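Undergrad: Pasting a structure here, questions to come.
The values are calculated or read from the model by the stated rules, or taken from the named source; none is laboratory data. This structure is a prediction, so every number in the text was calculated from the model and none was measured. Reconstructed Cβ throughout: ideal geometry from the backbone, glycine too, with neighbour counts over all protein chains shown. Surface accessibility is based on the protein's heavy atoms, side chains included, excluding ligands, DNA and RNA. Shrake-Rupley method; radii C 1.70, N 1.55, O 1.52, S 1.80 Å.
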Amino acid sequence: MNQPAPPNSSMEPLTRTQVLVAIAATALVLFVIARFWLLFDSVEQLPSQLGIYPIGLGVLLGMGITLVSAILYWAWPRYRHSAEVYLEYILKPLALPDVLWLGLLPGISEELLFRGVMLPAFGANLAALALSSLCFGLLHMSDLRQWPYMLWATCVGGILGYSAIASQNLLVPVIAHVFTNMVSSLVWKLKASDLATH
């Protein structure tokens, strides 16, 4: 079976260290952008309040997103190919324990910027939800051929943004995002290792 090419076929595959450094660097850049935005704008960051309700809601939301993604993966071949290309490029070099960092770093930094700062800065209304979701989707598009994955990421951004507005608690989308990243990555890694052994 042919392996999918990386998003840009002229690019060399990444090493584990390169992927981990890229994840950490991207998280740091997003965190710095969010902090500077708060420093130079009068926007109030969406609060994070720990509790059983936001954690439970975040886990349920993450389960729902993961389930819909699995259905799309099964039913829409273009999305399946787009997701495989993206996930293979990012996940193939990583070891199983690295899935923890892949869940935590993007889940926290992306939610801080897109839902914690950008959404309230743009007014926390439908237009703000659409704009912040589109920005989130574009962050996940490595090239134009990856548009199905970008479209799904935009929809996920809308779901996460709506959960932030409805709950008024940034912890809900953070938990959902971390859960989705970790479970999806873990399933992909286990499936890939199972295919490699057969």
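Undergrad: Can you pull out the chymotrypsin sites (Phe, Trp or Tyr not before Pro) in region 109-198 that DSSP calls coil and that have at most 16 other Cβ atoms within 10 Å?
TA: Values: sites: Phe114, Phe122, Phe136, Tyr149, Trp152, Tyr162, Phe179, Trp188; in loops: Phe122.
Listed in order of number, the matching sites are Phe122.
Undergrad: Tell me, how many Å apart are the Cα centres for region 73-123 and for region 158-193?
TA: Between the Cα centres of region 73-123 and region 158-193 lies a distance of 9 Å.
Undergrad: Moving to a separate point now. For the chain, what is the accessible area per residue in Å², given a 1.4 Å probe and the full set of protein chains?
TA: Values: 10800 Å² over 198 residues.
Using a 1.4 Å probe on heavy atoms only, each residue of the chain averages 55 Å².
Undergrad: Next up: Obtain the nm distance between the two label points defined at Ala75 and Val59 by a simple spin-label model: each point lies 7 Å from its Cα along the Cα-to-C-beta direction.
TA: 2.7
Undergrad: Taking square-rooted eigenvalues a ≥ b ≥ c of the alpha carbon gyration tensor, is region 128-189 rounded, prolate or oblate, where a/c under 1.5 means rounded and, failing that, a/b exceeding b/c means prolate? Don't jump to the answer; show the numbers that get you there.
TA: On the way: a/c = 3.04, a/b = 1.17, b/c = 2.59.
Oblate, because a/c is 1.5 or more while a/b does not exceed b/c.
Undergrad: Oh, and also: Could you state the principal axis extents of the C-alpha atoms in region 155-198, from the largest down, to the nearest angstrom?
TA: Result, largest extent first: 47, 18, 7 Å.
Undergrad: Further question on the same structure: In degrees, nearest 10, range 0 to 90: what is the angle between the Cα axis of helix 77-91 and the longest Cα principal axis of the chain?
TA: The angle comes out near 90 degrees.
Undergrad: Which one, (1) 16.7, 57; (2) 42.4, 127; (3) 23.6, 85, gives Rg and Dmax of the Cα atoms in Å as derived from the coordinates shown?
TA: Answer label, from the structure shown: (1).
Undergrad: Now, a different point. To the nearest 10 degrees, how steep is helix 147-167 against the longest Cα principal axis of the chain, on a 0 to 90 scale?
TA: Tilt relative to the chain: about 30 degrees.
Undergrad: Taking only Cα atoms, what is the 0 to 90° angle, nearest 10, from helix 99-110's long axis to the longest principal axis of the chain?
TA: 40
Undergrad: Towards the positive end of the charge dipole of the chain, with charges on Cβ (+1 Lys, Arg; -1 Asp, Glu), say which of Gln146, Phe36, Phe122 has the farthest Cα.
TA: The one lying farthest along the dipole's positive direction is Gln146.
Undergrad: I've got another one for you. What is the extension gain from Ile52 to Trp147, computed as 0.36 nm multiplied by their sequence separation minus the C-alpha to C-alpha distance, in nm to one decimal?
TA: Details: separation 95, 0.36 × 95 = 34.20 nm, distance 3.63 nm.
Stretched out fully, the Ile52 to Trp147 stretch lengthens by 30.6 nm.
Undergrad: Separate question: Could you tell me what percent of the accessible area of region 1-121 is made up of carbon and sulfur, with a 1.4 Å probe and every protein chain present?
TA: 71
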